[in-house]
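Below you'll find the structure, written out as structure tokens, and then a few comments.
What follows draws every value from the coordinates through simple rules; no lab data is involved. Not measured: the values here are computed from a predicted model. With ideal geometry, Cβ positions are generated from the backbone for all residues, glycine too; neighbour counts draw on all protein chains shown.
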Amino acid sequence: MSNPMEFLLWTKGPMFNWAIAIFALGMLARLVEIFWLGRKTNYAEARASEWGPGFRTMITRSFADPGTFKRSGFDVLVGWIWHLGFILVLFLFIPHIELIKSVFGVAWPGLPNPVIDAISAVTLVGLVAALVHRLMHPVKQHLSTFEDYLTWGVTFLVVITGYLAYHRLVNPYPLVLGLHILSVEIFLIVLPFTKLTHMFTAFIARWYNGAIFGRKGVQS
Amino acid sequence: MATQKTLGESLREHGVTRRGFLKFCAATASMMALPPTMTSAIAAALEKARRPSVIWLSFQECTGCTESLTRSHSPTVENLILDVISLDYHHTLQAASGDAAEEARLAAMKENWGSYLVVVDGSLPGPGSNMGYSTIAGHSNLDILKETVEGAAAVVAVGTCAAFGGLPRAFPNPTGAVAVQDIITNKPIINVSGCPPIPTVITGVLAQYLTFGTLPEMDDYKRPLAFFGQSIHDRCYRRPFYDKGLFAETFDDEGAKAGWCLYRLGCKGPSTYNACATMRWNAGTSWPVESGHPCLGCSEPDFWDAGGFYQALSVPTANATHTLAVAGIAGAVVGGVAAAVAKKQQQHAVADREPVTIEQLEQRL
């Protein structure tokens, strides 16, 4: 890797392969284990269906109840802003769609680049605000572990390098594009082994919650 | 042999008008990002310049670089300059052949020791590889390069093969091809990459050398910044479409007809540094992107191994789908085994359960 182009090709080739392999292996291992273990058999007669409430809860739990919003307005609002921004940029930026198309064979329309740019900027501000709040808030500070800062760091790296690459703020371009791809690869490698798995497991947990309550005929 | 006439005299002999000459000088100043006031200084310097002897070595190449230069658009001031200065030794253009040709090279070197320029196009089999892959007059490319460069003032590596190894160095690099800069480390080197390079860029570099007697300011790849300082993407006239998110998705869709951005069709413009977008080809007629084809990135190292020409820059070169499937299956097996082991442990725990009564506990205590 004696020059930026070789670095870029390394991140697009062998390193991408390693990252995606570790991600797929780690994530599938965790998910299959979770699903196979399932939950303890409930012998009580079901009062209602599990499926409807299960799926409904997967969505409804995305919105904080009024009490939570009142107590932790900042967390809910900032959390929502940067999570949504991250997802929109990930799935609606044209170069990302091209990547997804090349791997999975599916594509969809993207957003114009200036819109993505604005969303990225808001996401970055949201991420910084989340970190500052974590550092300033005594309870959060006390509860935070190394893993919290690690997951924030790898997430922030992905967005900031993407922003720098889009605006071509680092020269030469192959270097900054390579750095962006490398930071995504670090994100993918770290994902199955940290709380970043919540991007999959959060929805599974919500389904179980909703299903358990639904079976009992209780609103969730 | 190097002519003793000045460039001005020679150009006048070839029928180049003063107006045409000044136009070239102004274009050169502009290309080199110099202020317009430098035009007269360039003109004065070029007028008086005694063109140095140039020895042109062709190794593992396709002659495309020479073709680009000589057949670009003629007659021009550019190739008149080149005609005169490049004739001491050039496989394709020289009249002499056999021993006489090699004698001409040696004589030019002796006569202009320390001041001649060596232009190289093509890569060469590097040390440790089979020298038989490319020889001239029974000598290996490596020996000829080392011998010729010894008395040179500077080396200009023309084309991506000479600058970075080019197509001969493409995986699996059967000839062990290397670039000039991999071999020559004790002389100033200017890389004028491109497959082929824009003729005006080559003559621009030579004009700078003739004008100022110095090498141009260069980037990390030793390419003159005046021509390679900005990317194709940054100077592309289709850039507004990229910014708006308007892309051609096939070569004959409405987007392609409307001239939208070619990113999704594999354009490597964002990662390619060259002057095509501003200087264009064929006397400024057009350039690849203007003619509707994505940039291949030919002035960058490794462009030949950088994935499909028609795949977007963001697409990995690795076969990610295959990796994902294999690793996913392996992960599912690992997860399945882990779950099975856990279930087995649960079953054992139930089977091995030894209920203890209060009486038994009290006895034990």
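For a paramagnetic label modelled on B:Ala258 (point 7 Å from Cα along Cα→Cβ), amide N atoms under 15 Å away belong, within the stretch B:230-247, to B:238-247. Compared with the direct C-alpha span, the chain from B:Glu13 to B:Ala95 gains 27.4 nm at full extension, assuming 0.36 nm per residue.
Relative contact order for chain B: what is it in percent, counting Cα pairs under 8 Å that are at least 6 residues apart?
Numbers: 590 pairs, mean separation 47.8, N = 365.
About 13 percent, as a whole number.
Would you tally the net charge around A:Ala165, using a Cβ to Cβ cut-off of less than 14 Å, leaving A:Ala165 out, and scoring K and R as +1, D and E as -1?
So the surrounding residues net to 0.
Dipole of chain B, Cα-centred, from +1 at each Lys and Arg C-beta and -1 at each Asp and Glu C-beta, to the nearest 20 debye? Walk me through the numbers before you get to the answer.
Numbers: 28 positive and 34 negative charges, 174 e Å.
Taking the Cα centre of chain B as origin, the dipole is about 840 debye.
Here's the picture: charge each Lys and Arg Cβ at +1 and each Asp and Glu Cβ at -1 in the protein assembly as shown, and of A:Ala118, B:Ala43, B:Gly297 the one pushed furthest to the positive end of that dipole is A:Ala118.
Inter-label distance, B:Leu365 to B:Thr63: 10.3 nm, where each label sits 7 Å from its Cα along the C-beta direction.
With neighbour counts taken as other beta-carbon atoms within 10 Å, the residues A:Met27, A:Met199, A:Met136, B:Met279 rank, fewest first, as A:Met136, A:Met199, B:Met279, A:Met27. Straight-line reach from B:Lys110: taking Cα to Cα under 23 Å and skipping same-chain neighbours fewer than 8 places apart, the lysines in range are B:Lys5, B:Lys146, B:Lys187.
Its DSSP H runs of at least 4 residues, each contributing -39,500 (n - 2.57), put the calculated 222 nm mean residue ellipticity of chain B at -12000 deg cm²/dmol, to the nearest 500.
For A:Ile87 and B:Ala107, a Förster radius of 56 Å and the Cβ-Cβ distance give a FRET efficiency of 0.20, rounded to the nearest 0.05. How big is the charge dipole of the stretch B:101-160 about its Cα centre, in debye rounded to the nearest 20, if each Lys and Arg gets +1 on its Cβ and each Asp and Glu gets -1 on its Cβ? Computed charge dipole of the stretch B:101-160: roughly 100 debye. Think of it this way: in chain B, B:Cys25, B:Cys62, B:Cys65, B:Cys161, B:Cys236, B:Cys261, B:Cys267, B:Cys276, B:Cys295 stand alone, with no other Cys Cβ under 4.7 Å.
Within 10 Å, at most 16 other Cβ atoms, and a DSSP state outside H, G, I, E, B define an exposed site. Report the longest part of chain A free of exposed trypsin sites (Lys or Arg not before Pro). Working shown, then result.
Working: sites that count: A:Arg39, A:Lys40, A:Arg47, A:Arg168.
Answer from the scan: A:48-167.
With K and R counted +1 and D and E -1, the other residues having a Cβ less than 15 Å from that of A:Thr151 yield a net charge of +1.
Between the C-alpha center of the stretch A:24-102 and that of the stretch B:190-207 there is a gap of 56 Å. Evaluated at q = 0.16 Å⁻¹, a Debye calculation over the C-alpha positions of the stretch A:1-153 (equal weights, vacuum) places log10 I(q)/I(0) at -1.36.
Going from the fewest other Cβ atoms within 10 Å to the most, the residues A:Tyr43, A:Tyr163, A:Tyr149 appear in the order A:Tyr43, A:Tyr149, A:Tyr163. Seen from B:Val337, the other residues with C-beta closer than 14 Å to its C-beta sum to a net charge of +2, counting Lys and Arg as +1 and Asp and Glu as -1.
Hey, got the average number of other protein chain Cβ atoms within 10 angstrom for residues in B:241-254? Mind dumping the intermediate values first?
Numbers: counts 1, 3, 4, 3, 11, 3, 3, 0, 1, 0, 0, 0, 0, 0.
Per residue, the number of nearby Cβ atoms from other chains is 2 on average.
Would you be so kind as to identify which of B:Gly269, B:Ile136, B:Gly165 lies farthest towards the positive end of the dipole of chain B, taking Lys and Arg as +1 and Asp and Glu as -1 on Cβ and the Cα centre as origin? The one lying farthest along the dipole's positive direction is B:Gly269. Applying 1/(1 + (r/R0)^6) with R0 = 45 Å to the Cβ-Cβ distance of A:Arg39 and A:Leu164 gives a FRET efficiency near 0.50. Report D for the stretch B:7-228 in µm² per second (integer): Stokes-Einstein, Kirkwood Rh on Cα pairs, 37 °C, 0.692 mPa s. Once the numbers are plugged in, D ends up at 185 µm²/s.
Computed over chain A, the per-residue total of -39500 (n - 2.57) for DSSP H runs of n ≥ 4 gives a 222 nm mean residue ellipticity of -25000 deg cm²/dmol, rounded to 500. Note on the protein assembly as shown: with charges restricted to the Cβ of Lys and Arg (+1) and Asp and Glu (-1), its dipole about the Cα centre is near 1980 debye.
Using the structure shown, select from A:Lys12/B:Lys222; A:Lys12/A:Lys195; A:Lys40/A:Lys70; A:Lys40/A:Lys195 the pairs with a Cα to Cα distance greater than 32 angstrom. Pairs exceeding the cut-off: A:Lys40/A:Lys70. FRET efficiency for the A:Ser72 to B:Val341 pair, using the beta carbon distance and R₀ = 41 Å, is estimated at 0.55.
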